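What follows is one structure encoded as structure tokens, with my remarks underneath.
The values are calculated or read from the model by the stated rules, or taken from the named source; none is laboratory data. Keep in mind that what you see is a predicted model, and the values were worked out from it rather than measured. All Cβ positions, glycine included, derive from the backbone under ideal geometry; neighbour counts span all protein chains shown. All accessible areas refer to the heavy atoms of the entire protein, side chains included, with ligands and DNA or RNA removed. Shrake-Rupley method; radii C 1.70, N 1.55, O 1.52, S 1.80 Å.
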Amino acid sequence: MSELLVDFITSLDGYASGEGWPGFWGLDGPEYLAWLGEQPEVTYLMGANTYRLMSGFAAGEVPSGQDEFRPEEEASVDELTQASKVVFSSQLEAPLTWANSTLVRDDAVEAVRAMKSSGSGLLSTIGSLSLCRSLLRAGLVDRFRVVMFPVITGATGAERIYDGYPDVALEMIEHRTFDGRIQLVEYKPRVLEHTPLGAPA
């Protein structure tokens, strides 16, 4: 049976990106990049918006506010290109142009449920905030990982991650600090039917 990881890279205040900021908010370091390079092989899950954005980067489109990719950003995009990717969308047309990408038009929750029960290895989301929210709400997420960068993007932040989430209890299973400033926290999530002050979950 496959394991599902929801994996976010965020500012301290919970934004997935910030207008005018480079990738990793320009604050990645050698420890963090080395850790990224050590990650096991995964199948990435994403929605149409993330696919359009990331496949555009793979085709050479530079993020807004940048003149060119930094070497570490290029390496990250290259690794994604080589990885297996499943894209959930009723709008995109097959065949997808980004290498190693498979389009699934079926309901994402049911498709991932089937992938988990019939597969092996690790499934991991990338971006795709609404997809992550749906998978968590359905109780399919085994691990919930957040890497927080030491910035607050209150004025420029985009894509607030946790809006629309249910209440979730989180049991910590891993934590680590990279380069003296980047904080990783990883949890086993449990969606609550009731708040802690109400009936037991």
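Give the shape of segment 1-85 as rounded, prolate or oblate, defined through the alpha-carbon gyration tensor: a ≥ b ≥ c are the square roots of its eigenvalues, a/c under 1.5 means rounded, and otherwise the shape is prolate if a/b is larger than b/c and oblate if not. Since a/c stays below 1.5, the shape of segment 1-85 is classed as rounded. Using a 10 angstrom cutoff on alpha carbons, build the Gaussian network for the chain and name the most mobile of G157, G18, G37. Among G157, G18, G37, the largest GNM mean-square fluctuation belongs to G37. Structural descriptor for the chain: relative contact order 34 percent, calculated from alpha carbon pairs under 8 angstrom and at least 6 residues apart. Remark: spin-label model distance E61-D106 equals 2.9 nm, labels positioned 7 Å along the Cα→Cβ axis. Per-atom-type breakdown for segment 133-201 gives carbon and sulfur 50% of the accessible area (1.4 Å probe, protein chains only). What segment 60-186 shows is 54 Å² of accessible area per residue, with the surface traced by a 1.4 Å probe over protein heavy atoms.
In order along segment 99-105, the Karplus-derived 3J(HN,Hα) couplings, from 6.51 cos²θ - 1.76 cosθ + 1.60 at θ = phi - 60°, round to 3, 6, 10, 10, 8, 10, 9 Hz, and Gly and Pro are given as x. For segment 18-27, putting each phi into the Karplus relation 6.51 cos²θ - 1.76 cosθ + 1.60 with θ = phi - 60° gives couplings of x, 4, x, 8, x, x, 6, 6, x, 10 Hz, in residue order, rounded to whole numbers and with x for Gly and Pro.
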